[in-house]
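Below you'll find the structure, written out as structure tokens, and then a few comments.
We did not get these values from a lab; they are worked out from the coordinates using the rules stated. Remember, predicted model here, so these are calculated numbers, not experimental data. Every residue, glycine as well, gets a Cβ built from its backbone with ideal geometry; the counts of neighbours run over all protein chains shown.
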Amino acid sequence: MKRHNSIALQNLSLAYPGKELISNVSISIEPGVLTSLQGRNGTGKSTLMRCIAGLIKPLRGDVLFNHKSIYSLTPLERSQIIGALWTDKVRMPGITLRELVWMGTYNVRKNASTVALNVVTDECIEALNLQSLSKQPLDQLSDGELQKAMIARALAQQPSFLLLDEPTTYLDYVAKEELMVTLRNLCENKGPGILFTSHDLDVIAKYARQRLELRDGNVHAIG
């Protein structure tokens, strides 16, 4: 299994207009580890996630991968490092689950054959245990099934890290447990690091290997 570098946050500060949310945060997000980020509403969890993804720039500091600032990279280059899933979900009528996951293979299309792209697509579907639903239209999937399909699409980018913002929101207990077991297995077997936000302390305590809390403008390790 290929080993990846950590994502390093160096003296990172983030602000809304007129309000500094996060000040001088320096932490590492490790490869192959399921890491949780908790905190009260308004503390800046989603903003921090979008900053790590390179979607917004910090007030000060940097986010580094392999000694390079992610803000110096093109969107395509960043997508080879980070796959992200946000809270908004779009159900596209007429698109099957397999077609959605195949869309995520754009990082490997330049140097890969159709056969190779199909292999990547099928491996990601299998990793999320979605084989029986591969031909199902997205608008016929349950919330839990669609959430797994979106994660499979992000995984098809073959990134080093996945950022998941509130992945268990709106899921019932069974779907929540199934998803978290799948995420834990992905980290252990496939190698990407996963950083997810959650308000569900039971889920965090049960599944996260590394636990972080955003509190008082800084990120604190728990346990």
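List of remarks:
- For the stretch 7-222, a Kirkwood hydrodynamic radius built from all Cα pairs, placed in the Stokes-Einstein relation at 10 °C and 1.306 mPa s, yields a translational diffusion coefficient of 89 µm²/s.
- Beyond 20 Å in Cα-Cα separation lie the following of the pairs Lys89/Lys176; Lys57/Lys89; Lys110/Lys148; Lys176/Lys206; Lys135/Lys176; Lys45/Lys68: Lys57/Lys89; Lys110/Lys148; Lys135/Lys176; Lys45/Lys68.
- Rounded to 10°, Cα long-axis angle of helix 114-127 versus longest principal axis of the chain: 70
- Shape analysis of the stretch 104-160 places it in the prolate category; the axes a ≥ b ≥ c from the Cα gyration tensor give an a/c of at least 1.5, with a/b above b/c.
- In order along the stretch 199-214, the phi-based Karplus estimate (6.51 cos²θ - 1.76 cosθ + 1.60, θ = phi - 60°) of 3J(HN,Hα) comes to 9, 8, 5, 5, 4, 4, 5, 7, 10, 6, 7, 10, 10, 10, 10, 8 Hz; Gly and Pro are listed as x.
- Length-normalised contact order for the chain - Cα pairs under 8 Å, 6+ apart - percent: 31
- For the chain, modelled as a GNM whose springs connect Cα atoms under 10 angstrom apart, the maximal fluctuation among Ala84, Ala112, Ala152 occurs at Ala112.
- Neighbour-limited loop hits for trypsin sites (Lys or Arg not before Pro), the stretch 44-151 (at most 16 other Cβ within 10 Å; DSSP other than H, G, I, E, B): Lys89, Arg91, Arg109, Lys110, Lys135
- Between Ala221 and Lys89, the FRET efficiency estimated from the beta carbon spacing at R0 = 25 angstrom works out to 0.20.
- Extension gain, Leu117 to His67, is 15.0 nm, computed as 0.36 nm per intervening residue step minus the present C-alpha separation.
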